[in-house]
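Read the structure below first, then the notes.
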Amino acid sequence: MRVALGVGGGIAAYKAAEVARLLAQRGVQVRVIMTSSAQEFVRPLTFAALTGQKVITGLFPEGGAEGTLSSAVEHIGVALENDLLLVAPTTADLMAKFAHGLADDFLSTLYLAFPGPTVLAPAMNTGMWQHPATQANLATLRARGITIVDPDSGFLACGMVGPGRLAEPESIVETVVRKLSGRRDLEGETVLITAGPTQEPIDPVRYISNRSSGKMGYALAEAAVARGAKVVLVSGPVTLSPPAGVVLVPVRTAAEMRDAVFQHLGEATIIIKAAAVADFQVARVAEQKIKKTAARVSLELDPTPDILLELGRRKEDRLLIGFAAETQNLKSEARRKLEAKGADMIVGNLVGEGAGFESDENEVILVMRTGEVREVPRASKRKVADAIFDEALTLRLALYASR
C-alpha cells in the first residue's frame, strides 16, 4: 500500500511526522510532499528519515538546477503510483485551493491530478474553521466524495479553545487504513435515513420548525456510503450539500417526509430516523399572510404524523433506529421511546450541552432492544455516525441470534 502524505504549513505540521511513522508501522509506503510553509515548521530531513523516501518540496528542481521531463511531470508520477492521498494538516489555504481547483505548488497540483481516494485532516484556528468561507469549501469537498477527518476541540496554539485542533494521529491513520483496506461492511444494505427539520406552514410566509441543522443525518449518510451501502436520504430543508453517491429526496413538511419514507421503505434494510420532525402542525393554514395587529393571535395545533411509531409497526425484519433529543432524564426517556415506538435502537442526546443541534459534534447514548446501553463520548458527528453503525451491525447479529 502506498500513500502520498501532503503536509501543510501550520503548527500541527509536527504531528504529521507521527502520522508518517504510524503508517510506516502498518506497512504503508509513504511519500511526503511538503508545502514551502510546512518547511518553516518541520525540516524535510525528519520525514526522509521516517519514510526512507525522498521528500518532495516543490514543483521545480532545487537551486536552479536544469530540469528534465521527468521532473516537470513528477506530480503525475506521484499521482499514479500511490493508492491514496492524505493531507495532514490541511490548512484553510489548502482547503480553498482544493475546493476551487487552484494549482500553484506541487501539493495542489497533485490533488488535481490524483485519481484515487483523498483524505483531508484540517487544522486551523477556531475562527478560521468556523468562517463561512471555510465551511463552504468543506461542503464542496465533502460533496466531491473527499473524506474529512474532522478536527478535534480543545486548547489551540493561538490560545483559543474550540474546534480546529488536528485530529489525533492514531485517528487519522485508522481512517486511512480503513479506506485502503476497503471496509465495506454495509455492502448489500440499503440504508434509509431521514435528516434535518420539517417546516409546518402557518401562512404563505411563516412556519413552525426547530433548530435541527441536519448535520447528524448527513454524517450518517456519508458514513454509510463510505462503508458500501446504498443510501436514500430523505431531508428536510437544510443548507448542507448531500454526500456524493446518495439518493436525495428533499421534503418540507412532516407529511411529505412520511410519504417519502414509506415510498422507499420496501427497498430499505436499515432505517435511521435522525430527522427532528416537528411535533405539531397548524390545523388551518391561512391562505394569505396573517397581518400583525395589537391583538393576541392563537394557533390551533394538531399532532404531525408519528413516522417512527408507524415504522415500528411495519418494519418487519428491518433494523429501525430512532433519535431522542431530550433536556432531562436522557436514559429513561430514550428507553421509554424505544419501547413505545417499537425501535431496535434509540440514539439519545441532551440538547443545550454544546453538542447536538447546530453543532459539528455530538455526545450520545445508544439504548438497545437487547437491554444494553452504550455511551459514545463527544466527537465529530462523522465519528459518532461510524460508532452508531458499528453498534447497529452488532445489534442486528444479536437480534437474529435470539430468534
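The values are calculated or read from the model by the stated rules, or taken from the named source; none is laboratory data. Since the structure is predicted, the reported quantities are computational estimates derived from the model, not experimental observations. Because the Cβ atoms are built from the backbone with ideal geometry, glycine has one as well, and the counts that use them run over all protein chains shown.
Report whether or not R296 is of a type in the set (K, R), in the same structural domain as A195 (by TED's automatic domain parsing) and not in a helix (DSSP H, G or I).
Spelling it out, R296 is indeed of a type in the set (K, R), in the same structural domain as A195 (by TED's automatic domain parsing) and not in a helix (DSSP H, G or I).
Residues in region 299-344 that are in a strand (DSSP E or B) and surrounded by 11 or more Cβ atoms within 10 Å (Cβ to Cβ): how many?
Summing the residues that are in a strand (DSSP E or B) and surrounded by 11 or more Cβ atoms within 10 Å (Cβ to Cβ) in region 299-344 gives 9.
Looking at (1) within 30 Å of G162 (Cα to Cα); (2) in a helix (DSSP H, G or I); (3) small (G, A, S), which is the only condition G266 fails?
So the condition that G266 fails would be (1).
Can you tell me which residues in region 110-153 are of a type in the set (G, A, S), under 13 Å from the mean Cα position of the chain (by Cα) and at pLDDT 90 or above?
Those that are of a type in the set (G, A, S), under 13 Å from the mean Cα position of the chain (by Cα) and at pLDDT 90 or above: A121, A139.
Can you give me the number of residues within region 181-233 that are assigned to a helix (DSSP H, G or I) and surrounded by fewer than 18 Cβ atoms within 10 Å (Cβ to Cβ)?
Of the residues in that region, 1 qualify.
Scan region 269-288 for residues that are surrounded by 17 or more Cβ atoms within 10 Å (Cβ to Cβ) and either outside any loop (DSSP other than H, G, I, E, B) or without any contact (Cβ under 8 Å) to a residue 40 or more places away in the chain (or both) and jot them down.
Initial filter on region 269-288 (surrounded by 17 or more Cβ atoms within 10 Å (Cβ to Cβ)): 270-278, 281-282.
Scanning region 269-288 gives I270, I271, I272, K273, A276, Q281, V282.
Test A398 against the criterion of being touching a residue at least 12 places away in the same chain (Cβ under 8 Å) and in contact with a Lys or Arg (Cβ under 6 Å, 6 or more places away or on another chain), and give yes or no.
For A398, the condition - touching a residue at least 12 places away in the same chain (Cβ under 8 Å) and in contact with a Lys or Arg (Cβ under 6 Å, 6 or more places away or on another chain) - is not met.
Working carefully through the options E267, E256, E310, find the one that is modelled with pLDDT of 95 or more, among the charged types (D, E, K, R) and closer than 18 Å to Q199 by Cβ.
None of the other options fit; the residue is E256.
For a quick check of your reading: which strands (runs of 3 or more DSSP E) sit entirely within region 104-180 and have at least 1 residues that are surrounded by fewer than 19 Cβ atoms within 10 Å (Cβ to Cβ), out of contact with any Ser or Thr (no Cβ under 7 Å at 6 or more places or on another chain) and of a type in the set (A, V, I, L, M, F, W, C)?
Counting at least 1 such residues, we get 152-155, 161-165.
Can you tell me which condition F357 does not meet? The list is (1) touching a helix residue (DSSP H, G or I) at 6+ places or on another chain (Cβ under 6 Å); (2) under 21 Å from A254 (Cβ atoms), and all the others hold.
Condition not satisfied by F357: (1).
Residues being among the hydroxyl-bearing types (S, T, Y) and either in the same structural domain as P117 (by TED's automatic domain parsing) or at pLDDT 95 or above (or both): count how many of those fall in region 219-246.
Looking only at that region, the number is 1.
Yes or no, residue by residue, for (1) in contact with a strand residue (DSSP E or B) (Cβ under 7 Å, 6 or more places away or on another chain); (2) under 19 Å from V376 (Cβ atoms):
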site: V297; (1), (2): no, no
site: P303; (1), (2): yes, no
site: L308; (1), (2): yes, no
site: A325; (1), (2): yes, yes
site: N329; (1), (2): no, yes
site: E333; (1), (2): yes, yes
site: L338; (1), (2): yes, yes
site: I346; (1), (2): yes, yes
site: N349; (1), (2): yes, yes
